[in-house]
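Input: a single structure, listed below in structure tokens.
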Amino acid sequence: MRLTKAFQPTLKEVPAEAQIASHRLMLRAGLVRQTSSGIYAWLPAGLRVLRNIEQIVREEQDAIGAQEVLMPTLQSADLWRRSGRYDAYGPEMLRIQDRHGRDLLYGPTNEEMITDIFGASVKSYKDLPKALYHIQWKFRDEVRPRFGVMRGREFLMKDAYSFDATYEDAVASYRRMMLSYLRIFQRLGVRAVPMVADTGPIGGDLSHEFLVLAPTGESGVFFDAALEEQDWLGRPVDCDDHESLATFFSTVTDHYAATDEKHDEAEWAKIPEERKREGRGIEVGHIFYFGTKYTESMGIEVIGSDGASFHPQMGSYGIGVSRLVGAIIEASHDEAGIIWPASVAPYRAAILNLRQGDEACDAICESIYGTDPENLLYDDRSDRAGVKFNDADLMGHPWQIIVGPRGAKEGKVELKQRATGERFELSVEDALAKIG
Ligand code: ATP
Ligand code: MG
Ligand code: MG
Ligand code: MG
């Protein structure tokens with residue numbers, strides 16, 4: 001993308017309404033604009049990040065055999081009356097009426113709808129297990145929308161649902177999802193630590209929240225450093241084998257990790273001092289096993305191998321896709337701006353032409369840009385170098401390819417790595433190889 005053609009409205013002033021760094025930076029970098037309280041429009045660069053996150057989520061969900069669907073944002077109130085949640089959900093639910101006076105709602109989550117869809121087509125244990133997910137906008141009328149996209153009212157969530165015949169199979173589904181989540185967050189370049197979460201009236205120990213560590217997080221977190229040091233992408237786990245999943249799962253649950261809601265001082269005291277990590281975190285994911293709660297309340301049954309019908313076991317698994325954009329920035333920025341992990345960055349690199357109109361500079365910039373115009377951002381404005389440096393730092397591209405008249409004469413460019421500030425003087429070829 002050529003910057004002169006792009007819609008990238010950066011702001012020089014720090015927006016007064018934004019209290020935390022990620023919100024300020026998202027507004028300043030022109031990633032989003034608020035359209036009303038807790039509701040945001042995504043501008044081109046922000047949308048590219050959102051799409052990159054979605055794609056990683058999609059690949060890793062597909063990898064464990066979950067299948068993508070797309071359910072609507074609007075749901076019928078009757079669906080929720082069947083589960084008993086229409087009245088129970090409370091004021092976070094946005095309730096709407098159509099012209100015929102029928103009650104609708106803007107979905108805050110999709111357990112009812114997916115259970116209904118599943119129940120209408122799956123009739124036999126032979127069709128289990130199944131895992132379905134979608135990436136769709138949700139609406140929750142939060143009392144206090146704040147921190148930009150971090151606590152929006154309309155927000156993008158990936159929510160998955162599993163259906164199994166037995167408790168053992170449901171546990172395997174839960175563990176598969178946990179692995180998928182750990183891989184997703186690692187690929188996104190953030191540390192999200194799985195922590196024991198409240199299971200509410202259902203009980204048991206099968207609920208975990210994933211928290212990105214950041215001082216502005218809303219939850220207090222306590223965890224064993226061993227959980228940070230794992231390489232989930234490098235770990236061979238056979239997702240079809242319950243034993244292998246159990247071994248993997250114990251590498252997580254063997255280590256203490258809890259938010260302030262579930263913190264247990266007695267257990268905490270047993271952890272060696274040097275491994276104790278305490279701080280704050282942002283909830284970016286939540287996985288939950290809830291058994292037959294919805295299949296029972298909504299009357300969904302399938303026929304078992306013995307001919308008797310039973311209620312399938314379920315779990316649900318959410319990731320805050322739009323919240324993650326804020327959370328990643330919260331965990332990865334400095335005074336000058338955003339520092340995108342390469343996997344989610346809107347562009348691989350920015351090309352900064354320090355003297356637009358200089359024959360050698362223009363030629364080198366064009367030749368670099370031509371290699372991948374989709375994923376490179378060419379700052380071809382006639383602005384001063386300082387403006388270009390500041391904007392590139394603010395936007396947080398992993399690399400800056402800096403092209404000035406002196407180097408250009410010798411076919412050299414300067415490559416700056418945003419995260420480290422390291423600079424390299426390289427030939428065009430070597431620079432392109434280095435940014436990968
Ligand atoms: P929170 O505790 O932050 O209110 P939640 O526990 O109500 O979140 P879940 O029902 O677990 O949220 O939804 C799954 C995921 O959706 C959360 O882990 C979070 O990442 C994201 N999410 C929930 N509410 C919001 C919101 N208002 N804005 C953006 N993302 C959200
Ligand atoms: Mg909530
Ligand atoms: Mg929560
Ligand atoms: Mg939650």
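Restricting the first residue to segment 383-410 and requiring it to be touching a residue at least 60 places away in the same chain (Cβ under 8 Å), which pairs with a second residue that is among the hydrophobic types (A, V, I, L, M, F, W, C) and part of a loop (DSSP other than H, G, I, E, B) meet a Cβ separation below 6 Å and a spacing of at least six or different chains?
Leu394/Ala29; Met395/Ala29; Gly396/Ile339; Gly396/Trp340
What pairs can you find where one residue is in segment 4-25 and under 17 Å from His333 (Cα atoms), the other is crowded, with 16+ Cβ neighbours inside 10 Å and of a type in the set (S, T, N, Q), and their Cβ atoms are less than 7 Å apart, with a gap of 6+ or different chains?
That search, which allows pairs on different chains as well, returns Ile20/Thr216.
Tell me yes or no: at least one residue of segment 81-97 is away from ligand 1 (no atom under 14 Å from the Cβ), under 24 Å from the mean Cα position of the chain (by Cα) and crowded, with 18+ Cβ neighbours inside 10 Å.
no
Any residue at all in segment 76-94 that is within 27 Å of Arg183 (Cβ to Cβ), of a type outside the set (Phe, Trp, Tyr) and either within 16 Å of ligand 4 (Cβ to nearest atom) or touching a helix residue (DSSP H, G or I) at 6+ places or on another chain (Cβ under 6 Å) (or both)?
No, segment 76-94 contains no residue that is within 27 Å of Arg183 (Cβ to Cβ), of a type outside the set (Phe, Trp, Tyr) and either within 16 Å of ligand 4 (Cβ to nearest atom) or touching a helix residue (DSSP H, G or I) at 6+ places or on another chain (Cβ under 6 Å) (or both).
Enumerate the strands (runs of 3 or more DSSP E) found wholly within segment 231-331, keeping only those where 2 or more residues are over 30 Å from Ile117 (Cβ atoms).
257-259, 276-291
Mind counting the residues in segment 176-201 that are in contact with a helix residue (DSSP H, G or I) (Cβ under 7 Å, 6 or more places away or on another chain) and of a type in the set (Val, Ile, Thr)?
Residues in segment 176-201 being in contact with a helix residue (DSSP H, G or I) (Cβ under 7 Å, 6 or more places away or on another chain) and of a type in the set (Val, Ile, Thr): 3 in total.
Please give the number of the condition Glu228 fails out of (1) more than 16 Å from ligand 3 (Cβ to nearest atom); (2) within 22 Å of the chain's Cα centre (by Cα); (3) modelled with pLDDT of 95 or more.
Going through the list (1) more than 16 Å from ligand 3 (Cβ to nearest atom); (2) within 22 Å of the chain's Cα centre (by Cα); (3) modelled with pLDDT of 95 or more, Glu228 breaks only (3).
Using beta carbons and a limit of 6 Å, which pairs, at least six apart or on different chains, have the first residue in segment 284-307 and more than 18 Å from Val122 (Cβ to Cβ) and touching a residue at least 60 places away in the same chain (Cβ under 8 Å) and the second one of a type in the set (Ser, Thr, Tyr) and away from ligand 4 (no atom under 16 Å from the Cβ)?
Once the first residue is more than 18 Å from Val122 (Cβ to Cβ) and touching a residue at least 60 places away in the same chain (Cβ under 8 Å) and sits in segment 284-307, no partner that is of a type in the set (Ser, Thr, Tyr) and away from ligand 4 (no atom under 16 Å from the Cβ) comes close enough.
The values are calculated or read from the model by the stated rules, or taken from the named source; none is laboratory data. All of these numbers come straight from a predicted model, not from anything done at the bench. Backbone-built Cβ (ideal geometry, glycine too); neighbour counts: all protein chains shown.
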